[in-house]
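Working notes, beginning with the structure itself.
The values are calculated or read from the model by the stated rules, or taken from the named source; none is laboratory data. Given the structure is predicted, the values throughout are model-derived calculations rather than measurements. When we count neighbours, we look across all protein chains shown, and the Cβ atoms used for this are built from the backbone with ideal geometry, even at glycine.
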Amino acid sequence: MIVLNVTYKCKPDKRKDFLEIIKKEGIDVCSRAEIGNIKYDYYISDADSDELLLVEKWEDANVKRILSNT
């Protein structure tokens with residue numbers, strides 16, 4: 001299994017807009033539907049209101065590498 005933790009630092013007071021775009025574009029839904037995806041979730045920082053953490057879990061590195069090249 002491969003786990004990716006990606007931190008997003010949004011412009012001040014733009015976190016909500018960022019999350020709305022992700023939902024509108026279906027980025028989260030599409031990623032969860034990818035072959036080999038186990039988890040794709042965003043978490044809001046309690047220490048910084050403009051920071052998000054994306055946690056992706058994939059079955060293995062080969063799956064993620066193949067998908068990154070498409």
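Among the listed residues Leu19, Leu53, identify the single one that is modelled with pLDDT of 95 or more, under 13 Å from the mean Cα position of the chain (by Cα) and surrounded by 12 or more Cβ atoms within 10 Å (Cβ to Cβ).
Leu53
Quickly run through the range 5-16 and pick out the residues that are under 13 Å from Tyr43 (Cβ atoms) and either polar (S, T, N, Q) or surrounded by 11 or more Cβ atoms within 10 Å (Cβ to Cβ) (or both).
Hits for the range 5-16 are Asn5, Thr7, Tyr8, Arg15.
Conditions: (1) assigned to a loop (DSSP other than H, G, I, E, B); (2) modelled with pLDDT of 95 or more. Ile35 meets all but one. Number of the miss?
(2)
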